[in-house]
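For reference, the structure is listed below as structure tokens.
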Amino acid sequence: MAFPNPIPCRPMRTTRPALILALLTGFAGTAFAWSNHAMVSYRALERMPELSVQVAAEPLEAFLKNEDKAIEALLRDDEDWARKAVDTYPPLPPQLAYRADPSKSDAQRRKDFLAALRVSPESRLALYVQPDPWGPAPDPARLLAPTKVNALEKSEEANHVFLRIDPGEMVPALAVVASASDEPDYGMDLNLWSDSNSEAGKTYGFGPIPFGNPTLSFSTQAPFHMGFFHEPAIIYKAAPFLKRTYPLLRVHQYTSLARLAFDTGHPYWGWRFTGLAMHYVQDLTQPYHASVSPGNSAVRLIGINALAMVGLPKWKNDMIVLLSNRHLAMENYESALIRTAAKTRTPSVLGATLHDTSLDAGYPAWSERYVRDVVSKEAYDAGAATDRSLVRTLPARYVSDPGFDFGMHSASIDLIKELSAIDPAQRAHLDTRIAELLGHYGAHSRALVRSMLDGRPTQ
Ligand SMILES: [Zn+2]
């Protein structure tokens with residue numbers, strides 16, 4: 001991802017504890033977490049018998065029309081839940097509440113649904129899959145233009161392959177879930193804040209962006225794809241806006257829709273919504289999405305902030321760049337490992353770790369608290385060690401030189417090649433760490449799938 005870092009923050013906000021804000025604006029431009037979730041999800045879920053079924057594709061409009069009344073009731077319940085369960089929840093403006101009405105046009109119903117969820121009106125939610133790169137070569141006649149699926153104007157994901165599926169066509173549940181697990185990065189959470197340059201932002205009631213630059217479209221999705229639930233209390237005291245992150249809201253919205261879809265005989269949408277929810281669960285397995293600054297103590301953050309406030313910003317600025325560079329370097333390396341294994345069709349340690357179910361039973365049962373208490377806590381706890389591994393293994397220029405901007409050069413950096421020249425034991429340190437994190441990614445993705453099926457037939 002070639003986003004310039006650090007992203008400048010709004011002048012009015014520099015009066016707040018500037019370091020923490022600046023750290024966030026520094027990595028708010030890197031909110032992809034695991035690059036191309038679909039490729040990783042295929043490996044994590046490929047051996048689940050629950051997903052070997054085929055389901056009939058159904059356009060969103062058909063699902064909404066058939067279940068209009070049930071959706072109205074469900075979204076009302078979701079709103080009650082959110083007001084009680086989500087810290088700092090901004091209530092849904094009453095005029096956005098979903099109302100069933102058989103006389104509405106399909107287009108109007110779809111528009112109202114997106115507004116009631118408070119996701120981008122640009123969200124495509126098209127009928128498509130990303131094919132498994134380990135599967136047969138895709139039929140060129142089925143290729144879809146990226147803009148039909150992805151609302152991002154200048155997508156970093158332009159090399160994704162999207163294939164059209166037709167209404168009624170049977171598709172593997174695995175392909176539906178894996179494909180949808182990448183979809184929230186296609187612009188669904190962009191420009192939703194009152195200071196975003198968008199109509200939706202002005203009416204959605206989310207308030208001003210808690211961190212990041214509201215005018216840089218891509219950074220506006222970060223507060224939905226990151227969650228800071230386990231920082232020391234002093235950090236929230238210094239920067240209360242850190243509590244305004246909403247991945248748990250998205251998980252609840254999409255899992256409750258998935259359950260409704262399964263219960264009312266729409267398994268395609270059951271799996272599609274499951275995949276959408278899965279994205280946020282997976283994002284929170286990434287240490288740089290679950291902590292403000294992995295590897296830096298609260299005391300250090302506040303100390304460096306104090307220096308910045310008395311006119312010595314060097315340490316602050318350096319830290320922003322290093323944090324962003326390490327975050328990006330990890331994603332670059334992980335995604336290269338996954339891509340290379342697929343390209344050469346070589347079974348890899350990462351692939352094996354991803355579908356290894358041996359640790360699944362060791363986690364607590366899925367619950368309302370699972371994503372916060374298990375998934376993001378585990379990633380938060382892994383933060384310092386992950387940061388250390390990156391520093392120890394990757395070339396110092398990429399992870400320890402504040403004069404280097406990894407984001408600007410990411411596309412031309414081949415970490416697999418560079419690391420092949422170093423001591424294998426040193427490389428193994430980072431490989432083991434990444435495998436461990438992807439093991440968590442796999443286990444929690446499967447836990448979500450199983451929680452959706454609790455007591456339900458698979459089709
Ligand atoms: Zn994301």
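Key figures
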{"read-out": "³J(HN,Hα) computed for each position of region 196-213 - Karplus, 6.51 cos²θ - 1.76 cosθ + 1.60, integer Hz, glycine/proline x", "value": "6, 8, 7, 5, 4, x, 6, 9, 6, x, 7, x, x, 4, x, 7, x, 9"}
{"read-out": "Amide H within-cut-off set for PHE206, under 5 Å, with H built and near neighbours excluded", "value": "SER194"}
{"read-out": "C-alpha center-to-center spacing [region 254-301, region 313-363] in angstrom", "value": "17"}
{"read-out": "27 Å Cα-Cα threshold exceeded, pairs from LYS111/LYS202; LYS84/LYS148; LYS65/LYS243; LYS104/LYS243; LYS69/LYS243", "value": "LYS84/LYS148; LYS65/LYS243; LYS104/LYS243; LYS69/LYS243"}
{"read-out": "Calculated FRET value between ILE234 and ALA421, using beta carbons and R₀ = 60 Å, to 0.05", "value": "0.90"}
{"read-out": "Convex hull volume of region 11-453 per residue (C-alpha atoms, cubic angstrom)", "value": "140"}
{"read-out": "R0 of 51 Å, Cβ-Cβ distance GLN54-SER105: FRET efficiency to nearest 0.05", "value": "0.95"}
{"read-out": "Listed residue (ASN197, GLY265, ALA126) projecting farthest to the positive dipole end of the chain, Cβ model", "value": "ASN197"}
{"read-out": "Long-range HN-HN contacts of GLN54 with modeled amide H, under 5 Å", "value": "ALA173"}
{"read-out": "Simple label model, 7 Å out from Cα along Cβ direction - TYR363 to ARG47, nm", "value": "1.6"}
{"read-out": "Along each principal axis, Cα extent of region 98-185, largest first, Å", "value": "44, 31, 21"}
{"read-out": "Phi to ³J(HN,Hα) by Karplus 6.51 cos²θ - 1.76 cosθ + 1.60 over region 398-412, Hz, x for Gly, Pro", "value": "7, 10, 10, 10, x, x, 10, 10, 4, x, 5, 10, 3, 4, 9"}
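Bear in mind that the values in this text are calculations on the coordinates, not laboratory data. Note that this is a predicted model, so its numbers are computed, not measured. Heads up, the Cβs are rebuilt from the backbone with ideal geometry, glycines too, and the neighbour counts pull from every protein chain shown.
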